[in-house]
1. Is region B:67-298 rounded, prolate or oblate when judged by the Cα gyration tensor, a ≥ b ≥ c being the square roots of its eigenvalues, rounded requiring a/c under 1.5 and prolate requiring a/b larger than b/c?
2. Tell me, what is the percent relative contact order of chain A, built from C-alpha pairs under 8 Å that lie six or more residues apart?
3. Which whole-Hz ³J(HN,Hα) couplings does region A:191-201 yield from phi under the Karplus relation 6.51 cos²θ - 1.76 cosθ + 1.60, θ = phi - 60°, glycine and proline marked x?
4. What distance in nm lies between label points placed 7 Å from Cα along the C-beta direction at B:V104 and A:S43?
5. Just to be sure I understand: with springs between alpha-carbon atoms less than 10 Å apart, which residue in B:W206, B:W156, B:W118 has the highest mean-square fluctuation in the Gaussian network model of chain B?
6. For the protein assembly as shown, what is the calculated [θ] at 222 nm in deg cm²/dmol (nearest 500), taking -39500 (n - 2.57) for each run of four or more DSSP H residues and dividing by its residue count?
7. Apply 1/(1 + (r/R0)^6) to the Cβ-Cβ distance of A:S236 and A:S179, taking R0 = 41 Å, and write down the FRET efficiency to the nearest 0.05.
8. Using a Gaussian network model on chain B with a 10 Å cutoff between Cα atoms, which of B:T162, B:T82, B:T256 fluctuates the most?
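Values quoted throughout were computed directly from the atomic coordinates according to the rules given, and no laboratory measurement underlies them. Bear in mind the structure is a predicted one, so any value in this text is a computation, not a measurement. Cβ: placed from backbone, ideal geometry, glycine included. Neighbour counts: every protein chain shown.
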Amino acid sequence: MIRPFPVRRVVTYCGLSIFYLCLLLPVVWLVLSSFRNSDSVQSGRLVPAWSDLTAQNYGQAFQISNFVTYMVNSCVIAFTVMILTVFLGSLGAYALSRFALKGKKLFMMAALLPQFFPYVLVLIPFYVLMSSLNLVDSHVGIILTHTSLTLPFALWMLTGYFDAIPKELDQAALIDGCSRLGVLFRILYPVAIPGLVVAGFFAFVVSWGDYLFVSILSQSNATQTLPIGLQTFMSSLEVQWGLITAGTVLAIVPTVIFFSIVQRRLVSGLTAGAVK
Amino acid sequence: MSAVTRLQRIGRESLGYLLIFPVLLVILGLNLYPTIQGILTSFTNQSLIDPGHSVYIGLENYFKLFKDPIFQISLRHSLELTFSAVVLQVLLGLIMAHLLIQEVPGIHLFRSIAMITWVLPIIASVVMFRFITLPNYGLINILLRDVGLSQLSRNWFGDEKTAFPLVLIMHLWRNVPFYAIAFMAAMQAIPADLYEAARIDGAGEWRQFWFITLPNLRYIMLVMVVLHVTFTFNNFDFVYLSTGGGPVTATEVLPTYIYKQAWNGYALGYASAGGVVMLVILVVLVLICNKLIKGLSEK
């Protein structure tokens with residue numbers, strides 16, 4: 001047991017302050033500025049006067065053309081990707097964990113390999129493939145693409161999770177007359193909720209933040225997502241940083257809320273595969 | 001095993017094959033197939049104007065690449081960025097992990113918010129960094145002016161000298177906490193009696209770190225380094241969204257250069273060849289990391 005001496009405590013807090021100042025300052029400055037009126041943002045003052053604080057940037061952000069469309073597209077795509085990833089990933093993980101499949105090892109490797117491939121390379125045939133399937137500029141095309149990015153990690157993580165659940169649980173349920181598919185939904189799902197949530201969170205984060213694939217697979221406002229929208233704002237609204245910061249805050253709020261829910265499980269989820 | 005029992009087994013496990021089929025389809029169809037297709041495309045003159053018609057041209061794209069000065073600049077930048085980012089991330093990650101593992105009051109709050117920079121969309125991080133580095137009313141320049149160093153203030157992303165270090169800083173900002181949390185988790189798993197024994201043998205804190213902590217972090221370090229060599233080398237968003245590769249070519253990296261060749265220059269075949277070069281370099285880098293860290297373990 002390490003009992004910190006006062007000196008040690010002081011050093012620890014100093015170190016932590018430096019790290020967290022660097023990490024949080026950009027975020028705090030962004031949020032603060034999103035509540036300042038444009039004169040205040042451009043005044044070059046560090047601390048705004050009380051009277052400079054306003055919520056009007058948020059009202060205006062919603063009125064800028066297409067912001068709401070971007071938000072809706074992002075939500076639809078990210079939530080669908082999340083559900084698809086968790087659902088398909090858990091089916092696959094259940095098969096890998098509980099069935100005697102041939103070529104299991106090979107398949108696990110094949111699933112991991114593409115994680116190392118340059119996205120800019122994959123994007124080119126992807127575009128050609130999607131255009132031959134007539135899926136360019138459609139939600140379905142983007143959802144499929146994002147799912148293909150998130151599924152391998154979910155499969156790996158959930159296989160590890162299911163492997164850690166004792167097989168006696170399934171056997172007891174099978175004897176009680178539960179079907180093999182029933183075992184997944186009634187026995188494994190409830191036990192593996194933390195793993196499912198973390199897998200879903202990753203899928204959400206990847207899909208919500210993706211710029212590269214959407215920038216090519218989306219060709220009109222109907223399918224554009226928040227990252228594209230924010231990039232457009234940044235280049236077209238140049239001086240209206242109050243609006244840009246408000247839009248950015250709105251784009252990070254869902255991630256932050258989701259993060260605060262899963263944060264406890266995140267580390268164990270991340271390292272589950274690595275620590276084995 | 002006889003043929004009959006083998007068939008019976010396959011029959012019994014058929015549900016398993018059915019369950020894995022969708023994942024298999026997505027991974028083979030949307031991951032492996034496009035990559036193989038991409039490698040094949042690199043030997044053709046495929047163009048975005050008419051992707052349906054392309055001719056096999058052998059290694060011509062590759063010869064062109066190695067004569068392309070901007071490709072060489074991008075390659076150098078990509079390697080410099082990946083190397084410096086990963087080395088600094090490991091060092092800063094170790095320091096931050098060492099701070100986070102101290103059981104001081106309030107440490108749980110620090111641990112719980114650590115990963116926040118990692119989960120934010122990269123576009124949001126870019127907005128933040130562009131906003132704090134604005135020439136006229138960005139936070140950095142305001143602070144510099146307030147402490148009387150306004151001669152240092154500049155348009156940080158627009159300056160050839162500072163744009164590249166800023167890209168590096170964004171990578172550190174996003175990923176160092178992830179390293180710290182992963183290292184911290186691995187440090188907590190090291191049995192306490194190892195340290196106890198070392199103390200009895202008279203080992204100081206530095207020696208304990210060097211001979212107990214570090215060797216026990218080897219595996220997680222390998223995982224993190226491989227993960228981030230890949231992430232940094234492949235990352236497109238940070239550069240493209242913050243500087244677009246500029247000013248001039250000061251921050252151009254392989255992903256942004258290849259992207260522009262494909263989607264602004266319509267040269268899909270040429271861009272694919274660049275992508276294949278990236279793939280080869282990445283495989284070599286991952287093998288080197290593997291060797292280095294394995295070597296560390298035998299020491």
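1. Oblate, since a/c reaches 1.5 and b/c is not below a/b.
2. This gives 31 percent for chain A.
3. 6, 8, 3, x, x, 5, 5, 5, 4, x, 4
4. 3.5 nm
5. So, out of B:W206, B:W156, B:W118, the one fluctuating most is B:W206.
6. Dividing the helical sum by the residues of the protein assembly as shown leaves -23000 deg cm²/dmol.
7. The value I calculate is 0.15.
8. Top of the fluctuation ranking is B:T162.
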